[in-house]
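Since the structure comes first, as structure tokens, the remarks are kept for the end.
Coordinate-derived values only; no laboratory data. What you see is a predicted model, and the numbers here were worked out from it, not measured in a lab. Neighbour counts run over all protein chains shown; Cβ positions are idealised from the backbone, glycine included.
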Amino acid sequence: KQVKRDIDSMLERIKQAEERAESLDGKIEEAKNKLEANKSLLVKYTEDEEALEFASQVMSATQSMLKDTGVKATIVRRYIPVINEIVNKLLADMGFFARFELDENFDDKILSRGFEEMTYNSFSEGEKLRIDMAVLLAWRELCVLTGSSATNLVVFDEILDASFDQEGLDAFMTAMVERDSLHLIVITHHPERLDHFVERRIGFHKVDGYSRGEEVTE
């Protein structure tokens, strides 16, 4: 009887061990499936990491290029002397005898009579406008010189109505007219100030809420 009881106990233990073995087989299979899935994720994450690392390198290089000490500084150092030369030639053409200089940080220095340093705000409004126009036109001429842009058309929309006295306006328009290849269109509320420079004059007036233009022959 004792032997039989021992056999029954052992059979029960064997049965429990077999059940645990089956359970462990299932867990092993589940672990294998998770391992394969994790391997796939590892490959994906490794590829993502490489892509992000490359993007980071590109952004770092781009950031270095776009800093003030990067490509911008190279371009500025190359063209600032050209801009200064053009601005001063335009100022001389407009009868404004002062030396204008931009540095690499785009800080300006204006030397009146060639040696006395003055600030922009120390000039009259008409003189400021001459400086503004010279700098504006210098950028246009720089684009033409570098070949990135070229046009023979310039439009001034009420800009010349601002602060030019007649002497300054005459000097500026003379400098513009002397450029043979330039076609100049001036929109102004004071056409009488420009009559001796223009070839054609077109007047505009409102009719039923719409602007209508007609050539002025007077």
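Using a cutoff of 8 angstrom between alpha carbon atoms and counting only pairs six or more residues apart, the relative contact order for the chain works out to 12 percent. For the chain, the longest stretch holding no chymotrypsin sites (Phe, Trp or Tyr not before Pro) located in a DSSP loop with at most 15 other Cβ atoms within 10 Å is which? My reading of the result: 1-96 is the longest stretch. Helices in the chain, meaning DSSP H runs of at least 4 residues, each add -39500 (n - 2.57). Divided by all residues, the mean residue ellipticity at 222 nm is -20000 deg cm²/dmol. Of the trypsin sites (Lys or Arg not before Pro) found in the range 81-162, the ones in coil according to DSSP and having at most 15 other Cβ atoms within 10 Å of their Cβ are Arg113. Counting every C-alpha pair in the range 15-62, the share spaced more than 17 angstrom apart comes to 59%. Expressed per residue, the C-alpha convex hull volume of the range 98-218 stands at 161 Å³. The GluC sites (Glu not before Pro) of the range 20-119 that DSSP puts in a loop, and whose beta carbon has at most 14 other beta carbons within 10 Å, are Glu104. Calculate I(q)/I(0) for the chain by the Debye formula, one identical point scatterer on each C-alpha and no solvent, and give its log10 at q = 0.12, 0.14 Å⁻¹ to two decimals. Here log10 of I(q) over I(0) equals -0.86, -1.01.
When each full DSSP H helix of the chain is screened for a Cα extent of at least 24 Å along its own axis and an average Kyte-Doolittle hydropathy of at least 1.0, none passes.
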